[in-house]
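This report concerns only the one structure given below.
Just so it is clear, none of the values below were taken in a lab; they were calculated from the coordinates. Predicted model only: the values in this text are computed from it and were never measured. Note that each Cβ is placed from the backbone with ideal geometry, even for glycine, and that neighbours are counted across all protein chains shown.
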Amino acid sequence: MPSSRSLVLAGAALLALPLLASCSDTTDSASGGSKVAINATDTACEVAKTELKAGEITFAVTNKGGKATEVYVYGEHDGAYTKVVSEVENIGPSTSRDMEVKLAGGTYEIACKPGQTGDGIRTKITVEGAKADEEAEAAYDREVEVEAENFKLTGLENFTAKAGEKIEFKLENKGTEEHELEIFGPDGKEAGEVSPVKPGATGEAVITLTKPGTYTYKCGIDNHADQGMKGSFTVN
């Protein structure tokens with residue numbers, strides 16, 4: 001029969017197991033991959049583990065700052081980390097969101113964007129494993145931020161793109177009325193649109209610019225385009 005001392009030690013060991021597990025910043029997720037904590041603040045982007053194995057990864061993002069934030073995984077493209085592989089947006093202060101992504105071998109950058117603007121506070125991560133086809137791993141090639149006011153669209157004045165690029169157009173409405181962004185190809189047909197966005201909100205859409213030529217854009221609500229909310233850009 002085990003001694004009373006042995007029983008006490010065994011019980012203490014069992015009690016310690018959940019405590020040890022809770023101290024880990026990288027655990028197994030329900031999908032069978034790994035789960036990595038990200039603490040985002042207004043001045044920092046803390047990634048619990050920066051060396052990972054290829055496969056399914058869940059980034060558990062907690063916003064500990066005072067501004068709404070968004071978190072991106074960027075892959076390398078032409079020597080810069082501009083290729084969006086995954087993203088999670090609209091994470092309010094004191095809230096958490098999961099970002100699930102399948103990563104192939106290579107290097108990436110995690111970007112936390114307090115206020116949901118700019119290039120973000122970045123942390124580089126390394127993923128060990130086989131590399132994937134560059135086109136297959138990208139959700140889109142890059143993002144473009146457009147601002148809508150009454151009655152003006154800004155952000156696309158000097159924009160150009162290459163035929164075949166997938167662009168995420170982000171429309172931030174700084175006006176007092178609803179605005180939208182419609183984009184038309186060289187043939188005059190609609191290539192895509194950011195649906196109407198309420199004042200103070202942000203909308204987005206991924207649009208593939210398939211053909212070279214001159215594209216036009218406008219706010220299609222009421223007579224907003226006639227009041228100046230329109231323009232054009234070139235795709236080479």
Practice task
May I ask you to derive the FRET efficiency for THR43 and LYS102 from their Cβ-Cβ distance with R0 = 25 Å, giving the value to the nearest 0.05?
Solution key: 0.25
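Going by average Cβ neighbours within 10 Å, how do the peptides 92-98, 57-63, 205-211 rank, with the highest at the top? Kindly include the intermediate steps, with their values, before the conclusion.
Values: 92-98: 13.3, 57-63: 21.1, 205-211: 16.7.
For the peptides 92-98, 57-63, 205-211, the packing ranking is 57-63, 205-211, 92-98.
For segment 130-209, which chymotrypsin sites (Phe, Trp or Tyr not before Pro) are in a loop by DSSP, counting at most 12 other Cβ atoms within 10 Å?
none
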Practice task
Please label the shape of segment 62-127 as rounded, prolate or oblate, based on the square roots a ≥ b ≥ c of the eigenvalues of the alpha-carbon gyration tensor (a/c under 1.5 means rounded; beyond that, a/b larger than b/c means prolate, else oblate).
Solution key: prolate
Fill in the blank from the handout: So, relative contact order of segment 123-236 in percent, Cα under 8 Å, 6 or more apart, is 27
Practice task
Could you list which residues have their amide H under 5 Å from that of THR210, counting only those 5 or more apart in sequence or on another chain, with H placed in the peptide plane?
Solution key: GLY164
Exercise for the section: Would you kindly derive the ³J(HN,Hα) couplings of segment 207-222 from the backbone phi angles with the Karplus curve 6.51 cos²θ - 1.76 cosθ + 1.60 (θ = phi - 60°), listing them in order in whole Hz, with x for Gly and Pro? Expected result: 10, 8, 8, 6, 10, x, x, 9, 9, 10, 9, 6, 8, x, 7, 6
Practice task
Calculate, for THR160 and GLU51, the FRET efficiency according to 1/(1 + (r/R0)^6) with r their C-beta to C-beta distance and R0 41 Å; round to the nearest 0.05.
Solution key: 0.65
Handout entry: Stokes-Einstein D for segment 86-236, Kirkwood Rh over Cα pairs, 4 °C, 1.567 mPa s (µm²/s)
Key = 76
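Which order do the peptides 187-195, 110-118 come out in when sorted by mean C-beta neighbours inside 10 angstrom, highest first? Please list the in-between numbers first.
Details: 187-195: 13.9, 110-118: 19.0.
The packing order, highest mean first, is 110-118, 187-195.
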